[in-house]
2 protein chains.
Amino acid sequence: MEDKSIGLVETKYFTFAPAPDELVLASGQKIGPVTLAYETYGKLNQKKDNAILILHALSGDAHAAGFHQKDQKAGWWDMMIGPGKAFDTDRYFIICSNVLGGCKGSTGPSSLNPATGKPYGLDFPIITILDMANAQKKLIDSFGIKKLLSAAGGSMGGMQVLQWFASFPDMLASAIPIATTLKHSPQQIAFDEVSRQAIMADPDWNKGNYYGKSKPERGLAVARMMGHITYMSDKSMEEKFSRRMKSKDYSFTFKTDFEVEGYLRYKGDSFVKRFDPNSYLYITKAMDYFDLSEGRLASGTGSDGTRFMVIAFKSDWLYPLYQSREIVNQLKYRQVGVTYCEIPSTYGHDAFLLEVDEQTHLIKHFLTSVCSGKENEK
Amino acid sequence: MEDKSIGLVETKYFTFAPAPDELVLASGQKIGPVTLAYETYGKLNQKKDNAILILHALSGDAHAAGFHQKDQKAGWWDMMIGPGKAFDTDRYFIICSNVLGGCKGSTGPSSLNPATGKPYGLDFPIITILDMANAQKKLIDSFGIKKLLSAAGGSMGGMQVLQWFASFPDMLASAIPIATTLKHSPQQIAFDEVSRQAIMADPDWNKGNYYGKSKPERGLAVARMMGHITYMSDKSMEEKFSRRMKSKDYSFTFKTDFEVEGYLRYKGDSFVKRFDPNSYLYITKAMDYFDLSEGRLASGTGSDGTRFMVIAFKSDWLYPLYQSREIVNQLKYRQVGVTYCEIPSTYGHDAFLLEVDEQTHLIKHFLTSVCSGKENEK
């Protein structure tokens, strides 16, 4: 397999403004102007039929691949996007945008509220996965793209893939939801709720009004630490940490004894530097509200033969296999073409970021087959 | 099955004091005087060979059965302890003590430090499961009991059972560890560490020095909420809550939308009224340090035929089956007699508190068999 980076990239911004170009939200509220931060890799062909929309998870952003100037850190799915990679930038035009409600350049609770000139905070309206998709749709429209070759993403990214299909089936030649679900179970809602409570319990949260003051870092760090437990499997934690200690013997204090404790503290502390606590609240809420069960995934009749590849990971206990199987069942029931792949990974939910070889193999062939299917139609 | 309560009970206190009757801890530190709160049910027979020690879990206490005056709430294992019940008070003398480090009458971080006349706070020494067992041993000795008919408990209670066997094998005719482990996995340590971080992140925690001031209730509530997720199974949460909502539609706020959110908030809020946050830190640390793997469970040769019944629950993902099987393997390797029971419950880790019928059946017969085995020896 090749391992070439797309190289230097930069984030761009798409704003739909001025009013009346507002976004009407699922809640009935309106918001505008809305900006989406996005990145593109590869070239849009003349027919504009080689575009793939990449959707990110809870803490992701528009920077999916390549490098920013003066930044060593590659995009969050760099191993999957680039020349010769799963999402081959020599063939496809890749678009990834930061979600509505995010904090990496898209309009979210940390953005300035045009009505007050101050950050929205909790005046930001509650948003849903549908609202995220509706905003992305405007971005895709702005390129003059009538139909995406594919939409792909893991976890909340997968929810957006499903929402795109539910809302705009004619705009998807194919769809790749990974490690995701039609709806959060009470356990998934519970984990989200505890992370929200951890943030809101921090006095620095101050009912969301902390911009320009000290932000609720401790609460957000606790939320993120808990998140990381759910992203790994019991087995992958055993393999990575076991009961190895930082020093030779127990400290007999509340300092870090075990490596796993140090890992979580590091992950919590580094996350607070790059993420807005209010965005964490809004985005987890959007995930909890998401519900395309009971026929809502494929209620329309307009699907022009969208082909699905659903990917799940055996050790993923946060988004268990039965949830992916339910997606497959719903698609089959509506006679939508679907390939289902269970990858025997031990990485848990994180596998969608880590199982590069398996996913590359599957996605590369799937996309090639989708392209040749389109050729045959002509 | 009968359903008679033991009725009114009261908590008693056992103190080993004055010095030099101190407890030497695993850390090398000493502590004294030490008080253990305890309750007893049934009668100790003349031979003093019908005593069963019940060991409680993280948030339990000495009040295992019956009712306190002016309190409607039964003890935490009332369904299992009483006339005709699994631990039959018509036949056995039941003892349950609050652990060292606890906050329900036993010496712990909220107790007065005799050296300062103020609550210990973080001056309380780090304690281990071994220290808990050593303190309990003094209580058992005070009754003149040479050998317990059994020691039984779930979760951290099970760890204490195992520790009792490792430390005092000659003092146990039988042992019943339930839903427990020889050692915490990194995932279990991780959950404990996040709950500790949640407490310590609360500014009211004030490095453990909050007695007489406002206590870190928000941090403790978050810790407890997370705990409750791990005590239930995905399936039991689905059965209990599914995605049912408190009101007819989404609130589009951060108020409680789903019943599961309301349940967790209630559980968190009610817990802070009855538990000391520092005790939570100390007790979870004791659980994380506990490690009787690598032959340490049954290293001694003095076991006078202790018989084990190990109970585990199929849906318990916090203390998974493989951990109970490892206990069984270690016992078999040392030729200790062991019966292993996997109960097909959907309740998750909470099953040791909820699966009354199955456990009653198993434990009642096991104890009868232990008694008749003793008779036969004569």
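Tell me the relative contact order for chain B as a rounded percent, counting alpha carbon contacts under 8 Å between residues six or more apart.
Answer for chain B is 17 percent.
Please give the FRET efficiency for B:Asn329 paired with A:Arg296, using the beta carbon to beta carbon distance and R0 = 41 Å, rounded to the nearest 0.05.
0.25
How large is Rg/Rh for the protein assembly as shown, to two decimals, with Cα atoms and a Kirkwood Rh?
Here Rg/Rh amounts to 1.03.
Show which lysines lie in cross-link reach of A:Lys207 when reach means a straight Cα distance below 17 angstrom and same-chain residues fewer than eight apart are skipped.
Cross-link targets: A:Lys118, A:Lys215, A:Lys285, B:Lys255.
Dividing the Cα radius of gyration by the Kirkwood radius, what Rg/Rh value follows for the stretch B:5-126?
Using only Cα positions, Rg/Rh for the stretch B:5-126 is 1.03.
Could you tell me whether the stretch A:229-279 comes out rounded, prolate or oblate from its Cα gyration tensor? Rule is a ≥ b ≥ c as square roots of the eigenvalues, rounded for a/c under 1.5, then prolate if a/b exceeds b/c, otherwise oblate.
oblate
Set the Förster radius R0 to 25 Å, insert the Cβ-Cβ distance between B:Lys246 and B:Asp71 as r into 1/(1 + (r/R0)^6), and round the FRET efficiency to 0.05.
The value I calculate is 0.30.
Report, as a whole number in µm² per second, the diffusion coefficient that Stokes-Einstein gives for the stretch B:187-227 at 4 °C and 1.567 mPa s using the Kirkwood radius over alpha carbon pairs.
Translational D for this selection: 127 µm²/s.
So for B:Arg224, B:Arg265, A:Arg274, fewest C-beta neighbours within 10 Å to most, what's the order?
Neighbour counts put them in this order, fewest first: A:Arg274, B:Arg265, B:Arg224.
Taking every pair of distinct Cα atoms and averaging 1/r, then inverting, what Kirkwood hydrodynamic radius in Å comes out for the stretch B:116-168?
Final number for the Kirkwood radius of the stretch B:116-168 is 12.6 Å.
Taking just the alpha carbons, could you work out the radius of gyration and Dmax for the stretch A:292-365, both in angstroms?
13.3, 38
On the first, second and third principal axes, largest extent first, how far apart are the outermost C-alpha atoms of the stretch A:71-200 in Å?
For the stretch A:71-200, the Cα spread along each principal axis is 45, 38, 38 Å.
Using the number of other C-beta atoms within 10 angstrom as an exposure proxy, rank B:Cys371, A:Cys96 with the fewest first.
B:Cys371, A:Cys96
Expressed in nm², what is the orientationally averaged projection area of the convex hull enclosing the Cα positions of the stretch A:230-372?
With the hull built on Cα positions only, its mean projection is 12.0 nm².
Translational D (Stokes-Einstein, µm²/s) of chain B at 25 °C and 0.890 mPa s when Rh comes from the Kirkwood sum over C-alpha pairs?
115
Once all Cα-Cα distances of the stretch A:188-285 are split into 5 Å bins that start at 0, what whole-number percent is in each one?
Pair shares across the bins are 2, 13, 20, 21, 16, 13, 9, 5, 1.
Since every read-out is calculated from the coordinates, none of them should be taken as a lab result. Just so we're clear, the structure is a prediction, and the values are computed from it rather than from any experiment. Because the Cβ atoms are built from the backbone with ideal geometry, glycine has one as well, and the counts that use them run over all protein chains shown.
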